[in-house]
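This report concerns only the one structure given below.
Coordinate-derived values only; no laboratory data. As the structure is a prediction and not an experimental result, all values here were calculated from the model. All Cβ positions, even for glycine, are placed from backbone atoms using ideal geometry, and neighbour counts span all protein chains on display.
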Amino acid sequence: MQTLWFGLVVLMLVGYVLLDGFDLGAGALSVLVAREEASRRAILQSIGPVWDGNEVWLLAAGGTLFYAFPLLYASGFSGFYLPLNMVLWLLIFRAIGIEFRGHLDAQVWRDFFDGAFAIASTLLIVFFGAALGNVMRGVPLGADHYFFLPLWTDFRTGAQPGILDWYTILCGVAALAATSMHGALYLIVKTEGALNERLRAAVRRLWPAVVILSIAALAATIEVRPSLADNYRRNPAGWLIPAAVAAALIGMVVFTRARRERDAFLCSCLYIVATLGGAALALYPTLLASSGDPAYAITIQNAAAGRESLSAGLVWWLAGMAVAIGYFVLVYTMFKGKVRDQPAGHR
């Protein structure tokens, strides 16, 4: 049951990155590829019907984590208190940038909120990537399984690191490149004309960066915590995951050149699923590693709720997911196809 809930938490987080990832990537790219008002409106119209629903998966993942592994939830929200508050403010500014930019027909007004949307989206991606880096690297857990991290120290990994160091910054930059390409591939599916061509050019520029940063992040992860390769040594089938990552990277560029837009976007989805799935396999059964004494690590065994609670909660989780999936299928079906330009009064 503990392993099942570990998989469900990973599933929720992967779902969030897949869905809100293209929203964030679109925001990070928006001021770079959208050079005129019509293009900026097209980007917002591409994500407008779904972006706030996509964020629900982050809340659902947090709720699932709280229910299944309350110790991890309490420890993580205590130790990451400062960056979590920063993420909260960035989520607010991102929403404001989307919702407010069309309320006044003035160029300076629109430019300000377009900037808020782009900057908040970019910083959110970097923070989420750095957060994954902290989980992979480990944090200074004490005997009570709690910890405190300053925002940075000397930018080195070790027993007492900061939230930001060379490794977590690398993870943040890698996440920015991959998520930006994910957003570009989604927008290619939704747009036409000059904006579509600029997005294809952005994919061609981003692809080498994603490949290089993926390899660099993998090598750095093994350097920082060699034990993360243990599960792959014990389970040779796990090496199919790096193969899936490589196939996805190749598919993204090949299908983009062939103008098979949906296939290219699906390859980006495969890249995210394989990358995060590979990280989960490397961590299992650890939820949060200790950068000091390994005995203080938070695992699925010492962090899980009672078996009866997990069994009962599974029924409600399945019912809730059925409703949520049905809603998302309906929304994405209703708003499928290319976006069409609207008058300036619309977002």
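State, to one decimal in nm², a quarter of the convex hull surface area for the C-alpha atoms of the chain, i.e. the direction-averaged projected area. The Cα convex hull of the chain, projected and averaged over all directions, gives 17.3 nm². From helices alone, the chain scores -25500 deg cm²/dmol at 222 nm; the rule is -39500 (n - 2.57) for each run of n ≥ 4 DSSP H residues, then divide by the residue total.
For region 128-207, compute the orientation-averaged projected area of the C-alpha convex hull (one quarter of its surface), in nm². Taking the Cα atoms of region 128-207, their convex hull projects to 6.7 nm² on average.
Across region 227-293, Cα-Cα pairs farther apart than 20 Å form 40% of the total. Between Trp316 and Leu88, take the C-beta separation as r, use R0 = 30 Å, and let me know the FRET efficiency to the nearest 0.05. Computed FRET efficiency for Trp316 and Leu88 comes out at 0.70. Counting only alpha carbon atoms, the long axis of helix 70-79 and the longest principal axis of the chain meet at about 70°. Remark: spin-label model distance Ala219-Arg262 equals 3.9 nm, labels positioned 7 Å along the Cα→Cβ axis. Near the amide H of Phe155, within less than 5 Å, lie the amide hydrogens of Gly162, all on another chain or at least 5 residues away, with H placed in the peptide plane. Going from the residue with the fewest nearby Cβ atoms within 10 Å to the one with the most, Cys171, Cys267 rank Cys267, Cys171. Exposure proxy for Thr153, Thr191: other Cβ atoms within 10 Å of each Cβ, ordered fewest to most, give Thr153, Thr191. With a simple spin-label model that places each label point 7 Å from the Cα along the Cα-to-Cβ direction, the separation between Asn302 and Phe148 comes to 2.1 nm. For region 179-191, putting each phi into the Karplus relation 6.51 cos²θ - 1.76 cosθ + 1.60 with θ = phi - 60° gives couplings of 6, 4, 5, 4, x, 5, 5, 5, 5, 4, 5, 9, 10 Hz, in residue order, rounded to whole numbers and with x for Gly and Pro. Assuming a ≥ b ≥ c are the square roots of the Cα gyration tensor eigenvalues, decide whether region 272-325 counts as rounded (a/c under 1.5), prolate (otherwise, with a/b larger than b/c) or oblate. It is oblate, given that a/c is not under 1.5 and a/b is not larger than b/c. Net charge of the neighbourhood of Trp57, taken over other residues with C-beta under 12 Å away and scored Lys/Arg +1, Asp/Glu -1, is -4. Ranking of Asp23, Asp144, Asp114, Asp293 by neighbouring Cβ atoms within 10 Å, starting from the fewest: Asp144, Asp293, Asp114, Asp23.
If I take R0 = 51 Å and measure r between the Cβ atoms of Val56 and Ala237 in this structure, what FRET efficiency does the formula 1/(1 + (r/R0)^6) give, to the nearest 0.05?
Numbers: r = 33 Å, r/R0 = 0.65.
Efficiency for this residue pair is about 0.95.
Rounded to whole numbers, the Karplus 3J(HN,Hα) couplings from phi for region 302-309 are 8, 10, 6, 6, x, 4, 5, 5 Hz, using 6.51 cos²θ - 1.76 cosθ + 1.60 with θ = phi - 60°, and x at Gly and Pro.
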